[in-house]
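The values are calculated or read from the model by the stated rules, or taken from the named source; none is laboratory data. Keep in mind that what you see is a predicted model, and the values were worked out from it rather than measured. Here the Cβ positions follow ideal geometry from the backbone for every residue, glycine too, while neighbour counts run over all protein chains shown.
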(Lines give C-alpha, C1' and ligand atoms only; values in the text may rest on other atoms or scores of the structure.)
Protein backbone atom coordinates (compact mmCIF):
# COMPACT_ATOMS: atom_id res chain seq x y z
CA UNK A 1 0.00 0.00 0.00
CA UNK A 2 1.64 3.20 -1.19
CA UNK A 3 1.28 6.71 0.14
CA UNK A 4 -1.94 8.56 -0.56
CA UNK A 5 -2.43 12.03 -2.05
CA UNK A 6 -3.19 13.43 1.42
CA UNK A 7 0.12 12.09 2.78
CA UNK A 8 2.10 13.78 -0.01
CA UNK A 9 0.14 16.99 0.55
CA UNK A 10 0.97 16.92 4.25
CA UNK A 11 4.67 16.69 3.30
CA UNK A 12 4.25 19.61 0.88
CA UNK A 13 2.61 21.66 3.65
CA UNK A 14 5.65 21.14 5.88
CA UNK A 15 7.98 22.19 3.04
CA UNK A 16 5.83 25.27 2.36
CA UNK A 17 6.13 26.39 5.98
CA UNK A 18 9.89 26.09 5.68
CA UNK A 19 9.85 27.97 2.36
CA UNK A 20 7.93 30.89 3.92
CA UNK A 21 10.43 30.98 6.80
CA UNK A 22 13.45 30.99 4.46
CA UNK A 23 11.90 33.54 2.08
CA UNK A 24 11.38 35.95 4.98
CA UNK A 25 14.86 35.30 6.32
CA UNK A 26 16.16 36.10 2.83
CA UNK A 27 14.04 39.26 2.64
CA UNK A 28 15.38 40.42 6.03
CA UNK A 29 18.95 40.05 4.75
CA UNK A 30 18.00 41.93 1.58
CA UNK A 31 16.63 44.75 3.77
CA UNK A 32 19.94 44.90 5.68
CA UNK A 33 21.82 45.08 2.37
CA UNK A 34 19.46 47.83 1.23
CA UNK A 35 20.27 49.86 4.35
CA UNK A 36 24.03 49.44 3.78
CA UNK A 37 23.64 50.38 0.11
CA UNK A 38 21.60 53.43 1.00
CA UNK A 39 24.29 54.53 3.48
CA UNK A 40 26.96 54.05 0.80
CA UNK A 41 24.78 55.78 -1.86
CA UNK A 42 24.87 52.60 -3.99
CA UNK A 43 21.96 51.67 -6.31
CA UNK A 44 19.58 49.00 -4.94
CA UNK A 45 19.44 47.18 -8.28
CA UNK A 46 22.63 45.29 -9.13
CA UNK A 47 22.25 43.28 -12.37
CA UNK A 48 25.61 41.49 -11.91
CA UNK A 49 24.59 40.23 -8.50
CA UNK A 50 21.19 39.14 -9.87
CA UNK A 51 22.86 37.16 -12.68
CA UNK A 52 25.16 35.57 -10.09
CA UNK A 53 22.20 34.55 -7.89
CA UNK A 54 20.38 32.95 -10.84
CA UNK A 55 23.53 31.14 -12.07
CA UNK A 56 24.20 29.79 -8.56
CA UNK A 57 20.59 28.59 -8.22
CA UNK A 58 20.87 26.75 -11.57
CA UNK A 59 24.14 25.13 -10.52
CA UNK A 60 22.45 23.88 -7.33
CA UNK A 61 19.48 22.57 -9.33
CA UNK A 62 19.35 18.79 -9.78
CA UNK A 63 15.69 18.61 -10.85
CA UNK A 64 12.94 17.67 -11.35
CA UNK A 65 12.45 21.43 -11.83
CA UNK A 66 14.31 22.53 -14.96
CA UNK A 67 16.60 25.57 -14.92
CA UNK A 68 13.94 27.68 -16.64
CA UNK A 69 11.53 26.99 -13.78
CA UNK A 70 14.18 27.75 -11.13
CA UNK A 71 15.03 31.03 -12.88
CA UNK A 72 11.36 32.07 -13.07
CA UNK A 73 10.80 31.30 -9.37
CA UNK A 74 13.99 33.09 -8.30
CA UNK A 75 13.22 36.15 -10.46
CA UNK A 76 9.94 36.41 -8.55
CA UNK A 77 11.69 35.94 -5.19
CA UNK A 78 14.35 38.54 -6.03
CA UNK A 79 11.72 40.99 -7.30
CA UNK A 80 9.58 40.72 -4.17
CA UNK A 81 12.65 40.94 -1.89
CA UNK A 82 13.75 44.08 -3.74
CA UNK A 83 10.29 45.60 -3.28
CA UNK A 84 10.57 45.15 0.52
CA UNK A 85 14.19 46.37 0.41
CA UNK A 86 13.19 49.55 -1.45
CA UNK A 87 10.23 50.22 0.87
CA UNK A 88 12.36 49.83 4.00
CA UNK A 89 15.18 51.96 2.57
CA UNK A 90 12.61 54.67 1.78
CA UNK A 91 11.15 54.71 5.27
CA UNK A 92 14.63 54.73 6.78
CA UNK A 93 15.55 57.72 4.62
CA UNK A 94 12.30 59.48 5.59
CA UNK A 95 13.11 58.92 9.29
CA UNK A 96 16.62 60.24 8.77
CA UNK A 97 15.43 63.29 6.82
CA UNK A 98 12.96 63.98 9.62
CA UNK A 99 15.81 63.84 12.15
CA UNK A 100 18.02 66.29 10.23
CA UNK B 1 31.90 47.15 13.05
CA UNK B 2 28.73 45.72 11.51
CA UNK B 3 28.37 43.09 8.83
CA UNK B 4 29.25 44.04 5.27
CA UNK B 5 27.20 43.58 2.11
CA UNK B 6 29.33 40.56 1.13
CA UNK B 7 28.61 38.88 4.48
CA UNK B 8 24.85 39.27 4.03
CA UNK B 9 25.14 38.03 0.44
CA UNK B 10 26.99 34.91 1.62
CA UNK B 11 24.08 34.22 4.00
CA UNK B 12 21.59 34.72 1.15
CA UNK B 13 23.57 32.27 -1.01
CA UNK B 14 23.25 29.60 1.68
CA UNK B 15 19.49 30.23 1.92
CA UNK B 16 19.17 30.06 -1.88
CA UNK B 17 20.84 26.64 -1.94
CA UNK B 18 18.33 25.46 0.64
CA UNK B 19 15.44 27.02 -1.33
CA UNK B 20 16.47 25.15 -4.51
CA UNK B 21 16.65 21.90 -2.52
CA UNK B 22 13.19 22.40 -0.98
CA UNK B 23 11.62 23.52 -4.26
CA UNK B 24 12.81 20.34 -5.95
CA UNK B 25 11.67 18.21 -3.02
CA UNK B 26 8.27 19.90 -3.35
CA UNK B 27 8.21 19.31 -7.12
CA UNK B 28 9.03 15.60 -6.60
CA UNK B 29 6.06 15.28 -4.23
CA UNK B 30 3.86 17.10 -6.78
CA UNK B 31 4.98 14.58 -9.42
CA UNK B 32 3.99 11.70 -7.12
CA UNK B 33 0.60 13.31 -6.58
CA UNK B 34 0.27 13.74 -10.35
CA UNK B 35 0.88 10.01 -10.84
CA UNK B 36 -1.73 9.09 -8.22
CA UNK B 37 -4.22 11.54 -9.76
CA UNK B 38 -3.60 10.15 -13.21
CA UNK B 39 -4.21 6.60 -11.92
CA UNK B 40 -7.46 7.76 -10.29
CA UNK B 41 -8.46 9.79 -13.40
CA UNK B 42 -8.57 12.97 -11.30
CA UNK B 43 -7.79 16.40 -12.82
CA UNK B 44 -4.25 17.73 -12.10
CA UNK B 45 -5.55 21.21 -11.36
CA UNK B 46 -7.36 21.52 -8.04
CA UNK B 47 -8.36 25.13 -7.30
CA UNK B 48 -9.49 24.33 -3.72
CA UNK B 49 -6.12 22.82 -2.88
CA UNK B 50 -4.36 25.82 -4.45
CA UNK B 51 -6.41 28.24 -2.35
CA UNK B 52 -5.59 26.17 0.73
CA UNK B 53 -1.85 26.25 -0.04
CA UNK B 54 -1.91 30.05 -0.47
CA UNK B 55 -3.97 30.58 2.71
CA UNK B 56 -1.60 28.36 4.72
CA UNK B 57 1.46 30.22 3.36
CA UNK B 58 -0.10 33.55 4.39
CA UNK B 59 -0.89 32.25 7.88
CA UNK B 60 2.77 31.19 8.24
CA UNK B 61 3.96 34.60 7.01
CA UNK B 62 5.33 36.91 9.70
CA UNK B 63 7.10 39.31 7.33
CA UNK B 64 8.96 41.33 6.22
CA UNK B 65 7.40 39.97 2.99
CA UNK B 66 3.74 40.99 2.84
CA UNK B 67 1.01 38.45 2.03
CA UNK B 68 0.77 39.77 -1.53
CA UNK B 69 4.46 38.97 -2.09
CA UNK B 70 4.10 35.49 -0.56
CA UNK B 71 1.07 34.78 -2.77
CA UNK B 72 2.91 35.90 -5.92
CA UNK B 73 5.95 33.75 -5.11
CA UNK B 74 3.81 30.71 -4.24
CA UNK B 75 1.67 31.07 -7.38
CA UNK B 76 4.90 30.87 -9.38
CA UNK B 77 6.11 27.86 -7.36
CA UNK B 78 2.77 26.06 -7.76
CA UNK B 79 2.65 26.86 -11.49
CA UNK B 80 6.15 25.52 -12.15
CA UNK B 81 5.52 22.43 -9.99
CA UNK B 82 2.34 21.76 -11.94
CA UNK B 83 4.24 22.06 -15.23
CA UNK B 84 6.68 19.32 -14.10
CA UNK B 85 3.75 17.28 -12.71
CA UNK B 86 1.89 17.47 -16.05
CA UNK B 87 5.03 16.62 -18.07
CA UNK B 88 5.80 13.57 -15.91
CA UNK B 89 2.20 12.40 -15.95
CA UNK B 90 2.23 12.68 -19.76
CA UNK B 91 5.40 10.65 -20.16
CA UNK B 92 4.11 8.06 -17.71
CA UNK B 93 0.90 7.78 -19.72
CA UNK B 94 2.89 7.49 -22.97
CA UNK B 95 4.98 4.67 -21.46
CA UNK B 96 1.83 2.92 -20.29
CA UNK B 97 0.08 3.34 -23.67
CA UNK B 98 3.18 1.90 -25.33
CA UNK B 99 3.03 -1.09 -23.00
CA UNK B 100 -0.66 -1.81 -23.69
Inspect segment B:9-17 for any residue being touching a helix residue (DSSP H, G or I) at 6+ places or on another chain (Cβ under 6 Å), surrounded by fewer than 20 Cβ atoms within 10 Å (Cβ to Cβ) and over 22 Å from residue A:32 (Cβ atoms) and give the result as yes or no.
no
Any pair with Cβ under 8 angstrom, 6 or more apart, that starts in segment A:1-14 at a residue that is closer than 17 Å to residue B:42 by Cα and within 8 Å of chain B (Cβ to nearest Cβ) and ends at one that is in a loop (DSSP other than H, G, I, E, B) and modelled with pLDDT of 90 or more
none
Given (1) closer than 16 Å to residue A:64 by Cβ; (2) in a helix (DSSP H, G or I), residue B:44 misses just (2)
I'd like the residue in segment B:18-34 that is in contact with a helix residue (DSSP H, G or I) (Cβ under 6 Å, 6 or more places away or on another chain) and touching a residue at least 12 places away in the same chain (Cβ under 8 Å) and, out of all such residues, is surrounded by the fewest Cβ atoms within 10 Å (Cβ to Cβ).
B:31
Take the conditions out of contact with any strand residue (DSSP E or B) (no Cβ under 8 Å at 6 or more places or on another chain), more than 7 Å from chain A (Cβ to nearest Cβ), surrounded by 19 or more Cβ atoms within 10 Å (Cβ to Cβ) and modelled with pLDDT under 95 and apply them to residue B:89. Does it pass?
yes
Going through (1) surrounded by fewer than 17 Cβ atoms within 10 Å (Cβ to Cβ); (2) in a helix (DSSP H, G or I); (3) at the interface with another protein chain (Cβ under 9 Å from one of its Cβ atoms) one by one, residue A:51 fails only at (3)
Which of the residues that make up segment A:57-86 are modelled with pLDDT of 95 or more, more than 8 Å from chain B (Cβ to nearest Cβ) and farther than 16 Å from residue B:77 by Cβ?
A:58, A:59
